[in-house]
Structures are given as C-alpha cells and as structure tokens.
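The values are calculated or read from the model by the stated rules, or taken from the named source; none is laboratory data. Since the model is a prediction, treat every value here as computed from it, not as a measurement. Don't worry about glycine lacking a Cβ; one is built from the backbone with ideal geometry, like all the others, and counts go over all protein chains shown. SASA here: full protein model, heavy atoms, side chains in, ligands and nucleic acids out. Shrake-Rupley method; radii C 1.70, N 1.55, O 1.52, S 1.80 Å.
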Amino acid sequence: MRKVKYMQALKEALREEMQRDSSVFLLGEDIQVSNLGVTAGLVEQFGKERVVDTPIHENAIVGAAMGAAMEGMRPVVEIMFSDFAFLAADNIINQVAQWRYITQGQFHVPLVIRMPTGGGFAYGPHHSQSTETHFFQTPGLLIAFPSTAADAKGLLKTAIRSNDPVLFLEHMLLCLENTEDEIPDGDHLVPFGKAAIRREGNDVTVVAFGAMVKQALIAAESLAGESVGVEVIDPRTIVPLDTRTIFASVAKTNRLVIVEESRLRGGLGAELAAQASTGDNFFLLDAPIERVAAPNIPVPCTSVLEGAYLPNAEKVIAAIRRTLAYRGN
Amino acid sequence: MSIGNALRLRLYRECLRTRFLDEAHQKYIKQGRCQSMSHPATGQEAISAGITAALKPEDILYPSFRGFGDYLGRGTDMNALVAELMGRQGGVTRGVGGVHLGDRANNVHALAGCLGAALSLAAGSALAVKMRGERRVVIIHVGEGAFNTPDSHAMMNMAAIWDLPLVMIITNNQFVEFSYHDVHFPPNLDGVGCRADYYKIPNKRVDGNDVELVYSETLAIVDAARAGKGPALLEMVTCRIGGHYDADPLTYIDKELVDEWKRKDPVDQYETKLQAIGLADQAALEAIREVVKNEVDVAFKLALADKPPDPACLFDHVTEMDGAL
C-alpha cells in the first residue's frame, strides 16, 4: 500500500495502461501541458504520437476517437470540463453508445471519455456542471465516478480495458485536494457495478456520488455523536449501478437519502427513489425518501451563490433528520 | 492507365446491381411489404461502382447512404443485405440495424442517420491506421449536404494537421435532401470540394457519370494516400434523378435540370462505350442485365421466405455486459 493523491492515482492508471498496451493513447485539448494536471508529464514519457493535442473540436474529437477505437486502438479522450461534453453529445449519444447494438456486435467502441466535472470553484454555469445525468438515460454507455484515489486508479484501469465505452468522471475538487488515500500496489483494478460501503450504520442509508461521498461522511461523523448510525454507500459506477448493495442496506436501515451534485429533476436520486417504490422495495421504507441535489437552476458564479446551490454536509444532515423524524411511527 | 476488360465488365455489373436493387427495394416499399427506407442512387450509380473497384480488401470504407453500391461493391452479400432491408433474421444485423447496417468482414462501416457523423469517425480510423503504420486507406463517401455539416471542417483540419491516409469522395448530385444549393451554399462558389484548398488538401472535380474516370481518379488518390502522400478529395459531379427517398413528393424538382442529366445517364453511356470498343454487344449486355436482375429477385424471394426477427434478441449487444443496464 502507498499513499497517493487522487490526481496522481489517475495519472498512474494512464501511465500503467499505456505501458501495458500500445494501442492505448490519449487525445484531447492541451493534454500535453494539462492545465488541471492529470495528464501532465505523460507526453515527455510517451511522446506526441501517443499524447495527442487536438484542435478545439469536441464532437469531432470524440468521433475521431470512436473511429480509431473501431479500428483496433484504445483511445482515452479528455473533454476538459464535463459541461463541454454537450458539444460532443451527437457522437457520444447517437454514435458511441449505440454502435455495438446497431451493428449487432460487428463493431464495438472501446473508448474512455475522461471528464473533469463538478463545482466548488465559482467557475459558473459552463465550467461547474455535473452532466452525468444527461448521459445516464443513454443505453450503451458505462459511467464511472470515483471518490477515492484507490478507486480513481482502479476504475480508470478497468475502464481502459473495457470493451464498452465509458464516461469517466473526475471531480475537480478531488483532483486538487491534498489528501492522500491508500492505494494497493500492483495491477489494481476495481470492477464496475460494485458499490463500496464507506461507513456502516443501522439507522439510515445514504447513497452519495463523487465529491458528495465526503459530504455524506462528514454528516455521518457529526450524527454519530447523537447515536445515529449512518450507512454511507458509494456506488463508484453510475452505470452499472449496484442497486443490490443499495437495497440490501435499505432493507437493514429502512431509510434512504440520496446525495448528488447533479440537479434534482430526473437525477440519480430520482432513479433510485423510483426503484425504491417498485416491487418488493416498496415495503422496505419506514420514512419518505430524501433527495439532496442541486436545484433546477444554472450554476451561479460567486462562492456565496454557488455555496447555496451545491449540496453539502449540512444539507445532508438536515435530510437525515427529516427521515429520522418518522422514527417510532 | 489501362483498364482491363474484366474490370470494365465489373464496373458495368456493379452499376446495374445498385440500380436494380434500388428499383426492387422501391417496388416492395410501394407494395407495403418493406419497412426500410430507400434513398435511391438513380443516376449516380457510377460513383459507388468506380470507387469500390479502386480499393483493396483491407481498405476501410465509410459508405454513402444513397443506394447500396458501396456495400455491394465491397462484397457485402446481396442476400444478407436484402434480408436486412426487409427486416428478417438473415439480415446483416438481424433486422436491428436496418439501413444503418455495417459489414465489418468487408471493412464497410455502419451508417449514422445524422449525416456528418461519419466525417470525424473516418478521420479517426485513418489516424488509427497511420498510428499502426499500416498500408491501408480510409475512404469516406458522402454527399455535398453531409460535407457541408460543421464537422467537415474538423475532418479536413485533422486530416491535414495529422497528414492522414484519408480519401474523401464528395458526391455533388445537385440536390441536398429537398432543396437546392442556393439554400446550402453561398452563391458564386467554384464548386463544393474546393473548400479543401484552404487546408492545402489536393482536390479535383470529376465527371461522376463516367464510371471509368471515377475509378481511375479514385485509384490515383487511393494509391497516393497508401504511399503516405496524405489526404485528398474528389468532387464527383452528377445528378440525383429520383427523389431524396422513396416517398419524396418531388414537387420541387426542376424537370429541365433532371432531363438534361438523364441524357448523360451513367449506365446508358457506359453501355454505349462497351459496344463501341467491341467488348460487348447488345445481347451480351442483356445477358448481364438478366444475371443481375435474377440475383436481386432471388435475394428478395429468400428474404420474403425468411423469419422476422425474434424479440428474444432485443437486449443483445447493448454492451458486453449481459442484458440492459
């Protein structure tokens, strides 16, 4: 085990997979210099032929990566901010996601689209969104969202080896954090579709995504002082979503809170809440579900406004308390 | 360059296969027995015939949606193609992909419905071929409408920056769906393909109704791309004689324009040439027509006898992981 920061873990994953498999290459805007830093240093090691800077053509870059992926390469595309993924929406949604099905397996698209995502820097409406929910509806895409350095490395390596296209979300707050997590030595892979239980508890299940996992843990630690046991589940991948682990937890706690940085309407919480009301899950709950999410508004600039927009530990605590208000009924 | 007689007969036959398949396809659509749409290549058949003859098997084709000559010319099985159009289990993609079908075994990519998607895909496949140092060419065949979509700039830009083995065949058939060039292009341009001049990509206008010229001009730039000379473009000038698709109301068609081009029909003019050079007389040409008609008829008969797709296969091939996620 070693202690590594989240961004360093991502870089290690890229480096190891590029060393292991010569068909893996990177493309994206300014990835040689890498302003955020994830791909910095890789061009010196692998050369410009494998760390390819592109013109500003998000849709065409994803399209070119798809064309290369269908002809034997394993491209890892960077879209600089997940907001810019909408420029590539045609190729991501209509082509990349659907090609295996349309061709009935003749062609497939082993492509990873890495997207720095999320808010917290007062960067405003075009550099702060959590766009995964827009792609959540699209069949054929896998979506990964690591919250720890170990998962950042393990999920990215798995994504690169996957024969299906993967949207890989990298939360920018996590990228710039100084905290170090322990990561296993060796060829560390994390499977898709397997949630991690970050904290065990018997009173309420909190499912949290990406940077919100930390907020959920802060909330849990705070409520531990009031003898409230909060179970925090980190799905790690949004598609496939480990609903088995989630609802096994709800069967134990009978209360469900979902925390996401994406917007409330039609979000990840909406999907889980719908599943919680379906079939046998319906009988598990002792209290209404709480969804902690961003409101259905654009992301404002200025920290004060953005702070009001973003979910945080305080809002999670308030949500948990609302579910506990039903205790004893 | 000399074109042998076997190749001449192949070029003629491929024009006919495209034409007769389009005719049969539309017939079955009109009879209500076929759900897929026809975008007939009537009047343009020489282009697919010529370009596919210029490729090696290992070359990669991003096909045009107009007519099926690109597929047939690459070796896609007529029976499997027709079964796909008729929505049967024996179809290339078992009725799932329909007209979007691709044929991996013959290096023909699948077709996006949002035209213009193929432009960057083709550039990417050319990038892959170049990265691996393979002596293969990627060829993309689109109309002037798709060539006019925004990613066209990106395709040519990437092709020029990365010096890709990408051959771009732009069929200019005078129409863009249900309108004319005055809607889609500024007036007084020198053509459609010359946009490539900006990127210093060699380009040329070619008479798209002269199948031997289509072949020889395409072969020249394919060979050059294979030898590492970089991207090139041909604008094949022709005219769409039919509508955009099978139920096109045709109310906007300029009859004089179409009649003028009918006089330059690619099949008619090639039959004249083949007779003039003494390669085939009327009877020989008629015999070839019969063979092709029969090939198409048999394909539709087999398709009609084939089973419709089984809904049990609905969830196959979404991802490599089982079922729907």
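Before moving on, here are some points about what is shown:
- If the condition is being within 24 Å of the chain's Cα centre (by Cα) and more than 7 Å from chain B (Cβ to nearest Cβ), then the stretch A:46-70 contributes A:Val51, A:Glu58, A:Ile61, A:Val62, A:Ala69.
- Within the stretch B:132-165, being at the interface with chain A (Cβ under 10 Å from one of its Cβ atoms) and closer than 14 Å to B:Ala227 by Cα holds for B:Glu134, B:Arg136, B:Val138, B:Leu164.
- For the stretch A:1-55, a residue qualifies if it is among the aromatic types (Phe, Trp, Tyr) and more than 30 Å from B:Asp151 (Cβ to Cβ), and exactly one does: A:Tyr6.
- Checked against (1) more than 7 Å from every other protein chain (Cβ to nearest Cβ); (2) of a type in the set (Gly, Ala, Ser); (3) assigned to a loop (DSSP other than H, G, I, E, B), B:Ala118 passes all but condition (3).
- Residue that is farthest from the other protein chains (Cβ to nearest Cβ) [pool: residues in the stretch A:94-110 that are open to solvent by 30 Å² or more (accessible area, probe 1.4 Å) and either more than 14 Å from B:Gly102 (Cα to Cα) or out of contact with any His (no Cβ under 7 Å at 6 or more places or on another chain) (or both)]: A:Gln98
- Tally of residues being among the hydrophobic types (A, V, I, L, M, F, W, C), in contact (Cβ under 8 Å) with a residue 24 or more places away in the chain and closer than 24 Å to A:Phe135 by Cβ across the stretch A:258-285: 6
- The stretch A:134-149 residues that are within 12 Å of another protein chain (Cβ to nearest Cβ), paired with ones that are of a type in the set (Gly, Ala, Ser) (beta carbon under 7 Å, 6 or more apart): A:Thr138/A:Ala97; A:Pro139/A:Ala97; A:Pro139/B:Ala324; A:Gly140/A:Ala97; A:Leu141/A:Ala97; A:Leu142/A:Ser162
- Some residue of the stretch A:68-82 being within 13 Å of A:Leu141 (Cβ to Cβ) and either surrounded by fewer than 23 Cβ atoms within 10 Å (Cβ to Cβ) or at pLDDT 95 or above (or both): no
- For B:Lys293, the test of being open to solvent by 70 Å² or more (accessible area, probe 1.4 Å), within 22 Å of the chain's Cα centre (by Cα), over 21 Å from B:Lys27 (Cα atoms) and not small (Gly, Ala, Ser) is failed.
- The residues in the stretch B:244-260 that are in contact (Cβ under 8 Å) with a residue 12 or more places away in the chain and either open to solvent by less than 30 Å² (accessible area, probe 1.4 Å) or on the phi > 0 side of the Ramachandran plot (or both) can be counted, and the count is 3.
- Counted residues, the stretch B:69-98 - those being within 13 Å of chain A (Cβ to nearest Cβ), part of a loop (DSSP other than H, G, I, E, B) and in contact with a Gly (Cβ under 6 Å, 6 or more places away or on another chain): 1
- Residue tally, condition crowded, with 21+ Cβ neighbours inside 10 Å and among the hydrophobic types (A, V, I, L, M, F, W, C), over the stretch A:195-222: 11
- Residue check for A:Pro110: outside any strand (DSSP E or B), in contact with a Pro (Cβ under 8 Å, 6 or more places away or on another chain), modelled with pLDDT of 95 or more and within 19 Å of A:Ile238 (Cα to Cα): yes
- Being touching a strand residue (DSSP E or B) at 6+ places or on another chain (Cβ under 8 Å) and modelled with pLDDT of 95 or more holds for only one residue in B:Thr52, B:Thr42, and it is B:Thr52.
- Among the conditions (1) closer than 25 Å to B:Leu164 by Cα; (2) buried (at least 22 other Cβ atoms within 10 Å of the Cβ); (3) within 11 Å of chain A (Cβ to nearest Cβ), B:Arg104 misses just one, which is (2).
- Note on the stretch A:34-49: residues that are open to solvent by 30 Å² or more (accessible area, probe 1.4 Å), farther than 24 Å from A:Thr117 by Cα and assigned to a loop (DSSP other than H, G, I, E, B) total 2.
Per-residue answers, yes or no, for (1) assigned to a loop (DSSP other than H, G, I, E, B); (2) open to solvent by 30 Å² or more (accessible area, probe 1.4 Å); (3) over 30 Å from B:Arg19 (Cβ atoms); (4) touching a residue at least 12 places away in the same chain (Cβ under 8 Å):
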| site | (1), (2), (3), (4) |
| --- | --- |
| B:Asp190 | yes, yes, yes, no |
| B:Asp197 | no, yes, yes, no |
| B:Tyr215 | no, no, no, yes |
| B:Asp223 | no, yes, no, no |
| B:Gly230 | yes, no, yes, yes |
| B:Met236 | no, no, no, yes |
| B:Gly242 | yes, no, no, yes |
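- Filter result (surrounded by fewer than 23 Cβ atoms within 10 Å (Cβ to Cβ), of a type in the set (Lys, Arg) and not in a helix (DSSP H, G or I)) within the stretch A:238-281: A:Arg263, A:Arg265
- Of all residues in the stretch B:146-155, those that are open to solvent by less than 20 Å² (accessible area, probe 1.4 Å) and in contact with a strand residue (DSSP E or B) (Cβ under 9 Å, 6 or more places away or on another chain) total 4.
- Residues in the stretch A:112-137 that are open to solvent by 20 Å² or more (accessible area, probe 1.4 Å) and polar (S, T, N, Q) were compared, and the one that is nearest to A:Leu268 (Cα to Cα) is A:Thr133.
- Yes/no for A:Leu173 being among the hydrophobic types (A, V, I, L, M, F, W, C), surrounded by fewer than 23 Cβ atoms within 10 Å (Cβ to Cβ) and away from chain B (no Cβ under 11 Å): yes
- Given (1) open to solvent by less than 10 Å² (accessible area, probe 1.4 Å); (2) in contact with a Phe, Trp or Tyr (Cβ under 9 Å, 6 or more places away or on another chain), number of the condition A:Ile61 does not satisfy: (2)
- Scan of the stretch A:234-281 for residues that are touching a Phe, Trp or Tyr at 6+ places or on another chain (Cβ under 9 Å) and at positive phi, ordered by number: A:Arg236, A:Gly266
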